[in-house]
Amino acid sequence: MSADDDVRDLAERAGFSVKWTDQSGKAQTVRPDTLRRLLNAIGLPAESEGDVRASRETLDSLARAPSDFVTARIGEPFAVDARPMSPALFVREDGERFDVSLGVGDDGRAQMRPILEPGYHRLEVGDRVITVAVAPRRGVSIVDVAGARRMWGLAAQVYGLTRSGDGGVGDMGGVAALALAAAHSGADAVALSPLHAGFSADPHHFGPYSPSSRLFLNPLHADPDFLFGEERVREAIRVSGAEDARAEAERAALIDWPAAARAKLSSLRMLYDSFRAVELQEPSPGRLAADFAAFRADGGALLEEHARFETLHGARFRADPRQWSWRSWPEPLRDPNSAEVAAFAAEHADEVGFHVFLQWLADRSFGAAQKLARDAGMAIGLISDLAVGMDAGGSHAWSRQEDVLVGLSVGSPPDLFNPSGQAWGLATFSPMALKARAYAPFLATLRACMKNAGGVRIDHAMGLARLWMVPEGAGAGEGAYLSYPVDDMLRLIALESLRNNAVVVGEDLGTVPDGFRERLADAGVAGMRVLQFEKDEAHFFPPYYYPSDALAMTTTHDLPTMAGWWSGADIALRAEIAGEQSGETAENDLATRAQDRIDLWRAFTEAGAADGEPPAPDRPALAVDAAVRFLSETPSKLVLLPLEDALGVTDQPNLPGTLDEHPNWRRRLPAPAPDLLNDEAAVGRLRSLNRRRHT
């Protein structure tokens with residue numbers, strides 16, 4: 001074998017796909033130098049023959065190491081790393097103990113008999129203890145929750161919700177108000193944009209899909225009224241001197257994230273000072289002090305490390321903007337377990353406590369909003385959103401460096417829409433670390449998203465099976481697919497879904513591996529069917545084409561709204577951004593859209609959702625109405641209508657591929673959502689959806 005062949009072999013063993021098929025069906029091969037960079041980033045150097053040999057030995061050692069964590073499904077035997085026919089003690093999660101004898105599988109490995117109870121059980125073999133995560137056959141699905149009904153809900157960009165007193169950034173008070181109004185109209189769910197923690201010291205980084213940590217929440221979305229009441233919160237705002245700044249932010253049509261964050265955080269800091277001076281000084285802890293202490297204790301090391309990171313990040317970034325990323329900090333501060341970090345945290349204990357306080361507010365207000373939604377009659381309530389990765393310069397990557405592939409970026413390979421591919425600047429988990437750590441990072445992330453919600457949407461769900469990974473500094477096309485232990489991860493999703501009584505939706509749009517959607521469905525994970533994509537070259541698919549166990553939507557945050565699509569506003573916007581370069585492309589897009597409008601209207605009329613001739617592009621409201629009626633006829637057990645389409649809005653929340661050219665993640669609704677939903681057109685659309693509950 002040549003040196004390049006050795007590298008290819010090592011890459012395949014490490015989980016990289018040396019060969020892959022692009023969107024056009026053409027076979028592609030990853031270059032050896034790209035593989036070397038990828039391998040080096042995951043801790044397997046391959047620059048020399050000696051490197052390759054040592055990296056092979058590393059993989060051999062990992063493969064030989066017996067696993068102390070195994071996943072299985074109820075009612076199915078499973079292999080364990082032990083000697084066949086060994087006596088063992090099986091300890092069920094509830095404490096029941098059973099003497100068992102391991103059998104022999106067809107592959108000659110030790111095999112444990114089927115277990116009928118889902119949960120995290122224990123198998124003791126000699127001096128080894130093996131955790132056995134036994135999943136149900138499928139998690140809690142939208143089919144299970146719906147029963148004989150067909151449900152519907154709304155999808156909302158949390159930051160854009162408005163209410164008096166929100167300080168210019170949508171919060172859980174606005175979410176609660178929307179949920180109550182939606183429930184009154186018959187909705188069973190409200191899906192939310194990601195609420196992950198950002199960087200409080202630098203709110204310029206406000207993209208919800210590029211978080212500092214997915215384990216914690218963005219405190220700018222917290223509503224302290226839930227805990228402290230309106231009067232005490234107003235007093236904190238007054239004392240902070242932020243009244244005018246907050247009022248100005250609330251009047252703005254677009255969020256000025258830095259200004260709004262300064263005003264909100266200053267008033268929250270005053271609330272924290274009041275809390276410390278009153279509740280935390282009581283000789284016998286009252287309700288709030290006891291709850292805060294319990295939250296901090298339950299959060300453990302992960303919460304403490306996040307609060308320390310926020311404090312450190314603020315200090316380093318204010319002192320030197322070049323030290324935005326922890327990777328540029330002085331060496332001792334890059335290690336979360338160093339004596340220097342501990343000393344810094346002790347010296348700044350009040351600031352660390354403030355960031356714990358912010359997480360407490362965010363967590364408890366999220367939970368309160370979910371309780372209100374469920375108490376109002378929603379079958380699901382709030383659906384959280386799990387981003388595909390985290391910023392490599394953020395809290396999670398700093399505090400758990402061994403879990404994260406810091407030197408690689410998640411992205412997508414070149415395709416028809418992005419000929420150069422995409423690198424999203426996001427880090428994600430190492431598959432080797434997941435296995436070595438008994439999936440603790442993945443489980444913690446799932447539980448964080450399910451804790452206060454009735455469901456979770458997993459962004460880019462294909463990442464459960466494979467992710468396109470790009471070395472730092474390389475072009476987006478200079479990457480490769482890295483495989484993930486999809487069977488284990490889907491079983492854990494099903495188990496956590498059951499334990500948290502949460503439905504799971506997998507965003508499965510774009511290039512999907514063969515059989516992947518079927519695997520999601522088998523685990524009880526609902527796929528997504530988006531109206532704009534449900535077509536072939538000749539026609540849009542009729543309602544009966546939509547599976548009952550998939551989520552149906554008119555659009556997503558990255559696509560044109562229905563009104564924007566029908567009017568062609570998205571094409572005009574891209575042409576405006578591209579300038580003179582748009583030319584022929586825009587003309588072709590307009591011609592294609594004209595035919596698509598005819599085809600879609602035909603689908604509407606054939607489904608009984610519309611009649612007559614297609615409305616003109618400048619009359620999109622009629623098309624929005626028809627789209628809602630069309631989806632209401634689908635068998636899908638859950639239809640989610642983005643708030644933008646419920647209101648007939650033209651502008652979309654995010655325009656992929658743009659930064660300052662488009663106000664991504666900044667638009668605020670002109671009034672509280674419950675008031676806007678009283679508009680005659682919105683009322684009619686929600687009624688169309690509500691009729692599906694009874695048919």
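The values are calculated or read from the model by the stated rules, or taken from the named source; none is laboratory data. Note that this is a predicted model, so its numbers are computed, not measured. Ideal geometry is used to build each Cβ from the backbone, glycine not excepted, and the neighbour counts take in all protein chains shown.
Between Ala263, Ala259, Ala293, Ala245, the distinction of being in a helix (DSSP H, G or I), farther than 26 Å from Phe344 by Cβ and out of contact with any Lys or Arg (no Cβ under 8 Å at 6 or more places or on another chain) belongs to Ala259 only. Among the strands (runs of 3 or more DSSP E) confined to region 91-155, the ones with at least 1 residues that are among the aromatic types (Phe, Trp, Tyr) and surrounded by fewer than 17 Cβ atoms within 10 Å (Cβ to Cβ) are located at 97-101, 119-125.
The residues on offer are Asp558, Asp549, Asp508, and the sole one that is in a loop (DSSP other than H, G, I, E, B), closer than 29 Å to Arg667 by Cβ and in contact with a Lys or Arg (Cβ under 9 Å, 6 or more places away or on another chain) is Asp508. For Glu340, the conditions (1) outside any loop (DSSP other than H, G, I, E, B); (2) under 27 Å from the mean Cα position of the chain (by Cα); (3) farther than 16 Å from Ala289 by Cα are fulfilled apart from (2).
Considering (1) among the acidic types (Asp, Glu); (2) in contact with a His (Cβ under 6 Å, 6 or more places away or on another chain); (3) more than 25 Å from Asp488 (Cα to Cα), the lone condition that Asp51 does not fulfil carries the number (2). Checked against (1) buried (at least 22 other Cβ atoms within 10 Å of the Cβ); (2) part of a helix (DSSP H, G or I), Ala610 passes all but condition (2). In region 106-122, the residues that are on the phi > 0 side of the Ramachandran plot form Cβ pairs under 9 Å with partners that are part of a strand (DSSP E or B) and small (Gly, Ala, Ser), at six or more places apart or across chains, as follows: Gly119/Ala133. Could you tell me whether any residue of region 455-462 is surrounded by fewer than 21 Cβ atoms within 10 Å (Cβ to Cβ) and out of contact with any Asp or Glu (no Cβ under 8 Å at 6 or more places or on another chain)? Taking every residue of region 455-462 in turn, none turns out to be surrounded by fewer than 21 Cβ atoms within 10 Å (Cβ to Cβ) and out of contact with any Asp or Glu (no Cβ under 8 Å at 6 or more places or on another chain). Somewhere in region 124-133, is a residue among the polar types (S, T, N, Q), touching a Leu at 6+ places or on another chain (Cβ under 9 Å) and over 25 Å from Tyr209 (Cβ atoms)? Among the residues of region 124-133, at least one is among the polar types (S, T, N, Q), touching a Leu at 6+ places or on another chain (Cβ under 9 Å) and over 25 Å from Tyr209 (Cβ atoms), which makes the answer yes. Pairs are defined by a Cβ separation below 6 Å, a sequence spacing of at least 6 or placement on different chains, a first member in region 1-30 that is in the same structural domain as Glu57 (by TED's automatic domain parsing) and closer than 23 Å to Ser412 by Cα, and a second member that is part of a strand (DSSP E or B) and of a type in the set (S, T, N, Q); the pairs so defined are Gly15/Ser483; Lys19/Thr29; Trp20/Gln28; Asp22/Gln28; Ala27/Thr21.
Give me the residue from region 541-566 that is under 19 Å from Gly160 (Cβ atoms) and hydroxyl-bearing (Ser, Thr, Tyr) and, out of that set, surrounded by the fewest Cβ atoms within 10 Å (Cβ to Cβ). Ranking the candidates gives Thr556 first. Here Ala538 fulfils each of the conditions (1) surrounded by 14 or more Cβ atoms within 10 Å (Cβ to Cβ); (2) outside any helix (DSSP H, G or I); (3) out of contact with any Pro (no Cβ under 9 Å at 6 or more places or on another chain) apart from (1).
Residues that are assigned to a helix (DSSP H, G or I), in contact (Cβ under 8 Å) with a residue 40 or more places away in the chain and in contact with an Asp or Glu (Cβ under 9 Å, 6 or more places away or on another chain) do not occur anywhere in region 68-90. Looking at this structure, is Arg92 of a type outside the set (Ser, Thr, Tyr), modelled with pLDDT of 95 or more and within 23 Å of Ser497 (Cα to Cα)? Taking the combined requirement at face value, the residue satisfies it. Cβ-Cβ contacts under 7 Å between residues 6 or more apart (or on different chains), taken from a first residue in region 629-653 that is within 22 Å of Ala183 (Cβ to Cβ) to a second residue that is among the polar types (S, T, N, Q) and assigned to a helix (DSSP H, G or I), are listed as Arg629/Ser688; Ser632/Ser688; Val639/Ser632.
Every listed requirement among (1) closer than 29 Å to Ala177 by Cα; (2) out of contact with any strand residue (DSSP E or B) (no Cβ under 9 Å at 6 or more places or on another chain); (3) touching a residue at least 12 places away in the same chain (Cβ under 8 Å) is met by Leu333 save one, (1).
Out of Met462, Met489, one residue alone is over 24 Å from Thr555 (Cα atoms), hydrophobic (A, V, I, L, M, F, W, C), out of contact with any Ser or Thr (no Cβ under 7 Å at 6 or more places or on another chain) and without any contact (Cβ under 8 Å) to a residue 60 or more places away in the chain. It is Met489. Residues in region 123-172 that are out of contact with any strand residue (DSSP E or B) (no Cβ under 8 Å at 6 or more places or on another chain) and without any contact (Cβ under 8 Å) to a residue 40 or more places away in the chain were compared, and the one that is nearest to Ala245 (Cα to Cα) is Gly147. Close Cβ contacts (under 9 Å, 6 or more residues apart or on different chains) running from residues in region 576-591 that are farther than 19 Å from Asp660 by Cβ and modelled with pLDDT of 90 or more to residues that are outside any helix (DSSP H, G or I) and hydroxyl-bearing (Ser, Thr, Tyr) comprise Asp589/Ser582.
Quick grid of which residues meet (1) modelled with pLDDT of 95 or more; (2) over 24 Å from Pro642 (Cα atoms); (3) of a type in the set (A, V, I, L, M):
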position: Pro208; (1), (2), (3): yes, no, no
position: Asn218; (1), (2), (3): yes, no, no
position: His221; (1), (2), (3): yes, no, no
position: Pro224; (1), (2), (3): yes, yes, no
position: Gly229; (1), (2), (3): yes, yes, no
position: Ile237; (1), (2), (3): yes, yes, yes
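Please tell me if Ala315 is of a type in the set (A, V, I, L, M), free of Cβ contacts under 8 Å to residues at least 40 places away in the same chain and within 13 Å of Ala201 (Cα to Cα). Yes; evaluated as a whole, the condition is true for this residue. The strands (runs of 3 or more DSSP E) falling completely within region 405-469 that include 1 or more residues that are β-branched (Val, Ile, Thr) map to 408-412, 455-458. Within the option set Ala54, Ala63, being modelled with pLDDT under 95, in a helix (DSSP H, G or I) and of a type in the set (A, V, I, L, M, F, W, C) holds for one residue only, Ala63. Just one of the listed residues (Ala41, Ala82) is under 27 Å from Ile493 (Cβ atoms), surrounded by 13 or more Cβ atoms within 10 Å (Cβ to Cβ), in the same structural domain as Leu116 (by TED's automatic domain parsing) and at pLDDT below 95, and it is Ala82.
Results for (1) among the β-branched types (Val, Ile, Thr); (2) within 23 Å of Ala444 (Cα to Cα); (3) in contact with a strand residue (DSSP E or B) (Cβ under 7 Å, 6 or more places away or on another chain), shown as yes or no for each residue.
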site: Ala277; (1), (2), (3): no, no, no
site: Ala289; (1), (2), (3): no, no, no
site: Phe295; (1), (2), (3): no, yes, no
site: Ala301; (1), (2), (3): no, yes, no
site: Thr311; (1), (2), (3): yes, yes, no
site: Ala315; (1), (2), (3): no, no, no
site: Asp350; (1), (2), (3): no, no, no
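From the list Leu689, Leu622, the lone residue that is of a type outside the set (Val, Ile, Thr), in contact with a Leu (Cβ under 7 Å, 6 or more places away or on another chain) and surrounded by 15 or more Cβ atoms within 10 Å (Cβ to Cβ) is Leu689.
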